[in-house]
Amino acid sequence: MRKPIVAGNWKMNKTVAEAHALVEELVLGLQSIHGVEKVLCPPFTALMAVYDMVEGTDISVGAQNLFWETSGAYTGEESPLMIKEFCKYVIIGHSERRAYFNETDETVNRKTKTALNVGLLPIVCVGETLKENEAGQTSEVVTRQVLQGLKNIQLPESESLVVAYEPVWAIGTGRAATSEGANSVIKDMIRPALAQVFGESMSQKIRIQYGGSVTAKNAAELFAMSDIDGALVGGASLKSEDFVQIVQAAAK
Ligand code: PGA
């Protein structure tokens, strides 16, 4: 009942010329795959080019970040209104932003509110570090990230929000969570936390992706799980063949 969503997080990769080459292949490769929402999240400098290239297809564009104010003297920041010109989605609270750019549950909350206010659909990332995982704190951490990050938020509909469970130790390491492990965090920890914020019925309809070393090889096994509704893909989204295979796996 939840339509899977696969998003490619390009991170700080691809010039406009490189983005053109990749999207050209993706448009061809993805056109015959149905039943999956497909999202590309290029860096800001390539948003407009990618937006133009996917026009008329069922591929959407997402940004990797935004600022919570809509205009003003904020040198170097991007307003949600500017992002809305090209994007349907926006990634918020990615662990790299939490680790390197002081993103906190509070900034995640402000950014998520402002995104929803302008009609952008946030992909909110949560996940524990290796240290937290080894200390048995996964449940505590992801529950706090959901409760604080999504505090006092009204959702127009369940499809207005996507959550990505990305254990930090699995990102870019080639060491993905096991499908059972990821499913259990999503089903037994994240969805119940969403139920506390939005109610049980809404929580069952919100899509929760898994992210962290998703590849063409492990995607099908992850997507076969009851509560994994797609993926947020980093490294493998930079190669058209791999990304197409991952989207294909989510369609089955
Ligand atoms: P990865 O990154 O697929 O390269 O592990 C995932 C992410 O950070 O969203």
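The values are calculated or read from the model by the stated rules, or taken from the named source; none is laboratory data. The structure presented is a predicted model; accordingly, all values stated were derived computationally and were not measured. Every residue, glycine as well, gets a Cβ built from its backbone with ideal geometry; the counts of neighbours run over all protein chains shown.
Residue pairs, Cβ under 8 Å, 6 or more apart or interchain, first in the stretch 94-122 and within 16 Å of the ligand (Cβ to nearest atom), second of a type in the set (Asp, Glu). List them.
What qualifies is 94/103; 94/166; 95/166; 97/103.
Taking residue 250 as the residue in question, decide whether it is out of contact with any Asp or Glu (no Cβ under 9 Å at 6 or more places or on another chain) and hydrophobic (A, V, I, L, M, F, W, C).
So residue 250 fails the test.
Mind listing whichever residues of the stretch 82-97 are over 16 Å from the mean Cα position of the chain (by Cα) and among the polar types (S, T, N, Q)?
Correct list: empty.
In this structure, is residue 226 surrounded by fewer than 16 Cβ atoms within 10 Å (Cβ to Cβ), in contact (Cβ under 8 Å) with a residue 40 or more places away in the chain and under 26 Å from residue 155 (Cβ atoms)?
yes
Report yes if residue 145 is farther than 21 Å from residue 91 by Cα and in contact (Cβ under 8 Å) with a residue 24 or more places away in the chain, otherwise no.
no
Got a number for residues in the stretch 32-87 being small (Gly, Ala, Ser) and in a helix (DSSP H, G or I)?
The total comes to 2.
Across the stretch 41-92, what is the total count of residues that are among the polar types (S, T, N, Q) and crowded, with 18+ Cβ neighbours inside 10 Å?
Number of matching residues: 4.
Can you pull out every residue in the stretch 124-143 that is assigned to a loop (DSSP other than H, G, I, E, B) and touching a strand residue (DSSP E or B) at 6+ places or on another chain (Cβ under 9 Å)?
Within the stretch 124-143, 127 is the sole residue that qualifies.
Any residue in the stretch 194-207 that is polar (S, T, N, Q) and surrounded by 17 or more Cβ atoms within 10 Å (Cβ to Cβ)?
Checking the stretch 194-207: at least one residue is polar (S, T, N, Q) and surrounded by 17 or more Cβ atoms within 10 Å (Cβ to Cβ).
How many residues, within the stretch 41-57, are of a type outside the set (A, V, I, L, M, F, W, C) and touching a residue at least 24 places away in the same chain (Cβ under 8 Å)?
Selection size over the stretch 41-57: 5.
Among the residues that make up the stretch 154-167, is at least one of them at pLDDT 95 or above, over 22 Å from residue 88 (Cα atoms) and surrounded by fewer than 18 Cβ atoms within 10 Å (Cβ to Cβ)?
Scanning the stretch 154-167 turns up no residue that is at pLDDT 95 or above, over 22 Å from residue 88 (Cα atoms) and surrounded by fewer than 18 Cβ atoms within 10 Å (Cβ to Cβ).
Regarding residue 109, is this residue in contact with a Lys or Arg (Cβ under 6 Å, 6 or more places away or on another chain) and part of a helix (DSSP H, G or I)?
Spelling it out, residue 109 is indeed in contact with a Lys or Arg (Cβ under 6 Å, 6 or more places away or on another chain) and part of a helix (DSSP H, G or I).
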